[in-house]
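Visitor: First the structure, then my questions, so here it is.
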């Protein structure tokens, strides 16, 4: 066993010095290879982290949201629908939600305006998300104005700024009293945006949703499970689309690597011939070339993965920011929590390290079973 | 050999670091969850440019082109957001 290990060590030493003899070519290959692994691993780590985080925090979202639909579009919910729902077995709480959007011409961004009766806000106070505070340069005690639906301007004092730790869900939120919300957005008394319901037993949710649709045929229930599934598929879709966009680059690399790994240069053939002439066996040559492929692909994987980890979890995936930002002015500053899927990493490892290593072996085997004299010529 | 050892150690370190940071973020995650529960929030504030990208889970079938008949589709968000599952065949 010790002899075997020692032999492999010598082979690795020899392989490394052989790789260093063709420094520029091999470093170029390593760089491109590392870059490919870096991009793939970054997408994978980022989407999985976001998907996991969304899954955890949205687990707290309402079990059922009831929206009223008029001509296929979301309409305001009359308050009497709360009474129409009446007593439904299993529903422990039901209340109207008041929320909507406000387009701010000053910053050209959309805010999500929400009434928060439990926050104890007066009619001239608001709580804002950290994203709004950033784009409007606001602090606690500063004032912010909103143009109401009828053209009047109302000014509010910033009572609190929501914790920047929660920016992923609250970056664009403006919380205000119910009266202030209705006055600004023009939704009359007796109407809500939608209704949220809490259900005691999660297994009864779909049954209750069915009952609600029968009682109120012009409404549609949105279940928490659907919200979670939406985000799950959003990130799966995002990852898939990115991989498709990257497919061209990956294929170009595969062709390049295959060509490099499977086609032997005259110099490499000569090297094999010399090794065989000085007494190396076919197995030794194969071992050496196995290590060569292994060292390059393993190094590329490790360097690429480490760089991706630092990029996503320490650099907040700064390279993806323009894609995520899109047209939005308000973009949450957030640091993804490192949720890592071992299976995904293993898959990436398998598809990056294994094919290259195997691709190097076959042509070497062909060259190393031929007569040294023929190979050297 | 030294390089491989260092790289393997660094990868092992990422596992330890990830677990440490996850542990450290538990409270923040809990706070975010509490805010979601308290305000009955439904969506992430990742795409704020249009209402149907801000709240994809709440959007309806008529969302496209509702801002203006000539409005361009929001790119790249529109391409990166898949339709909610309930609308797919």
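Visitor: Does residue A:131 fit the bill of being modelled with pLDDT of 90 or more, surrounded by 15 or more Cβ atoms within 10 Å (Cβ to Cβ) and either within 30 Å of residue A:301 (Cα to Cα) or out of contact with any strand residue (DSSP E or B) (no Cβ under 7 Å at 6 or more places or on another chain) (or both)?
Guide: Answer is yes for this residue.
Visitor: Evaluate the following for residue A:75: is it without any contact (Cβ under 8 Å) to a residue 12 or more places away in the chain and either crowded, with 17+ Cβ neighbours inside 10 Å or within 11 Å of another protein chain (Cβ to nearest Cβ) (or both)?
Guide: In short, yes.
Visitor: Out of (1) in contact (Cβ under 8 Å) with a residue 24 or more places away in the chain; (2) outside any strand (DSSP E or B), the odd one out for residue A:56 is which?
Guide: Result: residue A:56 fails condition (1) only.
Visitor: Another one. Restricting to segment A:79-111, count the residues that are exposed (fewer than 13 other Cβ atoms within 10 Å of the Cβ) and away from chain B (no Cβ under 11 Å).
Guide: So the answer is 9.
Visitor: Quick check on segment A:112-127. Is at least one of its residues surrounded by 21 or more Cβ atoms within 10 Å (Cβ to Cβ), in contact with a strand residue (DSSP E or B) (Cβ under 8 Å, 6 or more places away or on another chain) and farther than 30 Å from residue A:197 by Cβ?
Guide: no
Visitor: For segment A:95-111, what are the residues that are farther than 16 Å from residue A:76 by Cα and either in contact with a helix residue (DSSP H, G or I) (Cβ under 8 Å, 6 or more places away or on another chain) or part of a strand (DSSP E or B) (or both)?
Guide: Result: A:102, A:103, A:104, A:106, A:107, A:109, A:110, A:111.
Visitor: Show me the helices (runs of 4 or more DSSP H) entirely contained within segment A:158-236 in which 2 or more residues are more than 10 Å from chain B (Cβ to nearest Cβ).
Guide: Output list reads A:178-185, A:205-215.
Visitor: If a residue has to be surrounded by fewer than 17 Cβ atoms within 10 Å (Cβ to Cβ) and either in contact with a strand residue (DSSP E or B) (Cβ under 9 Å, 6 or more places away or on another chain) or within 12 Å of chain B (Cβ to nearest Cβ) (or both) to count, how many in segment A:324-359 make the cut?
Guide: Number of matching residues: 4.
Visitor: What number of residues within segment B:1-33 satisfy the criterion of being within 18 Å of the chain's Cα centre (by Cα) and facing chain A (nearest Cβ under 7 Å)?
Guide: Within segment B:1-33, residues that are within 18 Å of the chain's Cα centre (by Cα) and facing chain A (nearest Cβ under 7 Å) number 7.
Visitor: What number of residues within segment A:9-40 satisfy the criterion of being within 11 Å of another protein chain (Cβ to nearest Cβ) and either in contact with a helix residue (DSSP H, G or I) (Cβ under 8 Å, 6 or more places away or on another chain) or touching a residue at least 12 places away in the same chain (Cβ under 8 Å) (or both)?
Guide: Total meeting the criteria: 2.
The values are calculated or read from the model by the stated rules, or taken from the named source; none is laboratory data. Given the structure is predicted, the values throughout are model-derived calculations rather than measurements. Glycine also receives a Cβ, built like all others from the backbone with ideal geometry; neighbour counts cover every protein chain displayed.
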